[in-house]
């Protein structure tokens with residue numbers, strides 16, 4: 001079990017309005033950062049300030065193939081030395097599937113030092129049996145496995161029962177977490193409409209079908225999305241595709257140091273509308 005209560009530099013002067021935030025290592029309250037190509041210095045700067053608030057870093061899309069080899073190894077090694085899991089984007093693995101190179105792909109990921117793997121079919125189509133096979137294969141090689149549910153195109157959106165079935169199948173196969181697709185834009189995909197707002201009816205029916213959401217990571221790159229999910233699930237909801245520059249801002253939402261969630265806390269405590 002993770003402990004409760006982040007280190008507060010202002011301890012004794014200002015307390016966090018929400019003190020229930022879990023510290024690392026934690027199984028819930030995961031923050032997954034989407035990295036579209038940070039250099040070594042940028043990565044070091046990010047983690048020197050916000051490393052305590054980051055649990056996973058995803059090298060987005062197929063960007064891992066574009067780094068100079070030495071830089072990639074240094075970056076992966078450094079991130080892992082900070083106690084953070086790192087993995088290449090799911091689209092990269094989908095390309096490996098298309099090219100029939102999964103064993104070679106997983107061997108290369110292990111050689112480079114990646115600690116986790118994403119199994120997805122956002123662009124391609126995989127049968128439930130194939131998803132299970134890939135999850136089991138990656139787990140046997142010692143990877144943490146994150147599967148992803150949902151399609152990249154709004155024209156291929158899945159029905160709720162399909163999503164729920166896929167989540168349960170993936171978790172039963174051994175996936176550590178299941179990510180709900182929202183892309184890096186957070187608009188027009190999954191639980192969000194084309195403006196980036198929650199599709200409330202869809203979302204309510206989805207979470208009712210899922211039941212326990214402890215192993216779900218919701219991609220939520222936009223502040224309003226993060227706020228809504230914190231309102232529903234509390235400060236220890238698992239959130240993904242967080243831009244590097246927004247990690248501290250998200251943590252402020254989680255602990256009530258931002259107006260949006262501070263207002264929620266005050267309203268709950270007083271049962272009065274705060275103007």
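The values are calculated or read from the model by the stated rules, or taken from the named source; none is laboratory data. Treat the numbers as computed from the prediction; the structure is a model and nothing was measured. Reconstructed Cβ throughout: ideal geometry from the backbone, glycine too, with neighbour counts over all protein chains shown.
Note on the stretch 51-72: residues that are over 30 Å from residue 236 (Cβ atoms), in contact (Cβ under 8 Å) with a residue 12 or more places away in the chain and in a helix (DSSP H, G or I) amount to 3.
Scanning the stretch 219-233 for residues that are under 14 Å from residue 251 (Cβ atoms) and out of contact with any strand residue (DSSP E or B) (no Cβ under 9 Å at 6 or more places or on another chain) yields 223, 227. Only one of the numbered conditions (1) under 26 Å from residue 140 (Cβ atoms); (2) touching a residue at least 40 places away in the same chain (Cβ under 8 Å); (3) within 18 Å of the chain's Cα centre (by Cα) is not met by residue 174, and that is (2). Going through the stretch 73-90 one residue at a time, which ones are crowded, with 20+ Cβ neighbours inside 10 Å and either touching a residue at least 60 places away in the same chain (Cβ under 8 Å) or assigned to a helix (DSSP H, G or I) (or both)? Within the stretch 73-90, 75, 76, 79, 90 qualify.
Within the stretch 91-105, work out how many residues are part of a helix (DSSP H, G or I) and more than 21 Å from residue 66 (Cβ to Cβ). Talk me through it step by step, then tell me what you get.
We begin by selecting, within the stretch 91-105, every residue part of a helix (DSSP H, G or I); these are 91-98, 102-105.
Still in the running and more than 21 Å from residue 66 (Cβ to Cβ): 103.
Within the stretch 91-105, residues that are part of a helix (DSSP H, G or I) and more than 21 Å from residue 66 (Cβ to Cβ) number 1.
Total residues in the stretch 203-218 satisfying the condition of being touching a strand residue (DSSP E or B) at 6+ places or on another chain (Cβ under 8 Å), free of Cβ contacts under 8 Å to residues at least 60 places away in the same chain and under 27 Å from residue 59 (Cβ atoms): the figure is 3.
Among the residues of the stretch 177-184, is there at least one that is under 21 Å from residue 52 (Cβ atoms), at pLDDT 95 or above and either part of a loop (DSSP other than H, G, I, E, B) or within 16 Å of the chain's Cα centre (by Cα) (or both)? The answer is yes; a qualifying residue exists.
Tell me, which residue of the stretch 207-242 that is within 12 Å of the chain's Cα centre (by Cα) and part of a loop (DSSP other than H, G, I, E, B) is surrounded by the most Cβ atoms within 10 Å (Cβ to Cβ)? Lay out the reasoning, then the answer.
So in the stretch 207-242, the residues within 12 Å of the chain's Cα centre (by Cα) come out as 215-221, 226, 237-242.
Now restrict to residues that are part of a loop (DSSP other than H, G, I, E, B): 215, 220-221, 237-238.
Values: 215: 18, 220: 29, 221: 21, 237: 23, 238: 26.
In this case the residue turns out to be 220.
Selection of the stretch 243-264 for residues being surrounded by 15 or more Cβ atoms within 10 Å (Cβ to Cβ), in contact (Cβ under 8 Å) with a residue 60 or more places away in the chain and farther than 17 Å from residue 26 by Cα yields 243, 244, 256, 257, 261, 262.
For beta carbons closer than 6 Å, sequence separation of 6+ or different chains, a first residue in the stretch 28-50 that is in contact (Cβ under 8 Å) with a residue 60 or more places away in the chain and at positive phi and a second that is part of a loop (DSSP other than H, G, I, E, B) and surrounded by 13 or more Cβ atoms within 10 Å (Cβ to Cβ), the qualifying pairs are 29/236.
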